[in-house]
1. If we scan segment 95-106, do we find a residue that is crowded, with 16+ Cβ neighbours inside 10 Å, at pLDDT 90 or above and either in contact with a helix residue (DSSP H, G or I) (Cβ under 6 Å, 6 or more places away or on another chain) or over 17 Å from residue 122 (Cβ atoms) (or both)?
2. Could you list, in sequence order, the residues of segment 95-113 that are closer than 15 Å to residue 80 by Cα and either touching a strand residue (DSSP E or B) at 6+ places or on another chain (Cβ under 7 Å) or outside the structural domain of residue 67 (by TED's automatic domain parsing) (or both)?
3. Hey, any hits in segment 94-101 for a residue that's outside any loop (DSSP other than H, G, I, E, B), under 18 Å from residue 63 (Cβ atoms), in contact (Cβ under 8 Å) with a residue 60 or more places away in the chain and under 11 Å from the mean Cα position of the chain (by Cα)?
């Protein structure tokens with residue numbers, strides 16, 4: 001009986017490892033890839049008062065954060081959080097403010113550093129208070 005349990009545990013562990021490897025390969029195969037070359041995107045900044053301004057950006061950058069840094073719309077942050085966008089700083093400690101980054105109204109599932117961009121895309125940064 002003990003020998004059967006050890007064999008079943010070994011088979012289960014092997015299947016788990018295979019499943020993790022397959023999931024990683026699928027994620028890598030289906031995740032968005034950066035588009036090389038020149039592209040034009042729109043980055044809309046929606047302020048705390050609801051006013052907004054669209055910035056038309058032409059860039060060779062492959063990722064959203066790189067394009068926005070080039071335009072001077074965000075400042076590079078070592079910790080990966082961009083709290084200042086278009087000159088306005090969101091501070092959770094002051095008013096529970098933060099910047100919600102979205103594409104066509106849908107929040108990004110990755111950070112701006114990992115968000116590949118393609119020609120014609122529209123992104124938004126919305127000053128948000130609380131959750």
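1. yes
2. At the first step, the residues of segment 95-113 found to be closer than 15 Å to residue 80 by Cα are 98-101, 108-113.
Selection gives 98, 99, 100, 101, 108, 112, 113.
3. Looking only at segment 94-101, we keep the residues that are outside any loop (DSSP other than H, G, I, E, B), and these are 94-95, 97-101.
Going one step further and asking which of them are under 18 Å from residue 63 (Cβ atoms), we end up with 99, 101.
With in contact (Cβ under 8 Å) with a residue 60 or more places away in the chain added as a condition, the list becomes none.
No, segment 94-101 contains no residue that is outside any loop (DSSP other than H, G, I, E, B), under 18 Å from residue 63 (Cβ atoms), in contact (Cβ under 8 Å) with a residue 60 or more places away in the chain and under 11 Å from the mean Cα position of the chain (by Cα).
Residue-wise test of (1) in a strand (DSSP E or B); (2) at pLDDT below 75; (3) under 23 Å from residue 107 (Cα atoms).
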{"site": "13", "(1), (2), (3)": "no, yes, no"}
{"site": "27", "(1), (2), (3)": "no, yes, yes"}
{"site": "32", "(1), (2), (3)": "no, yes, yes"}
{"site": "42", "(1), (2), (3)": "yes, no, yes"}
{"site": "45", "(1), (2), (3)": "yes, no, yes"}
{"site": "48", "(1), (2), (3)": "no, no, yes"}
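The values are calculated or read from the model by the stated rules, or taken from the named source; none is laboratory data. Being a predicted model, the structure only gives us computed values, none of them experimental. Reconstructed Cβ throughout: ideal geometry from the backbone, glycine too, with neighbour counts over all protein chains shown.
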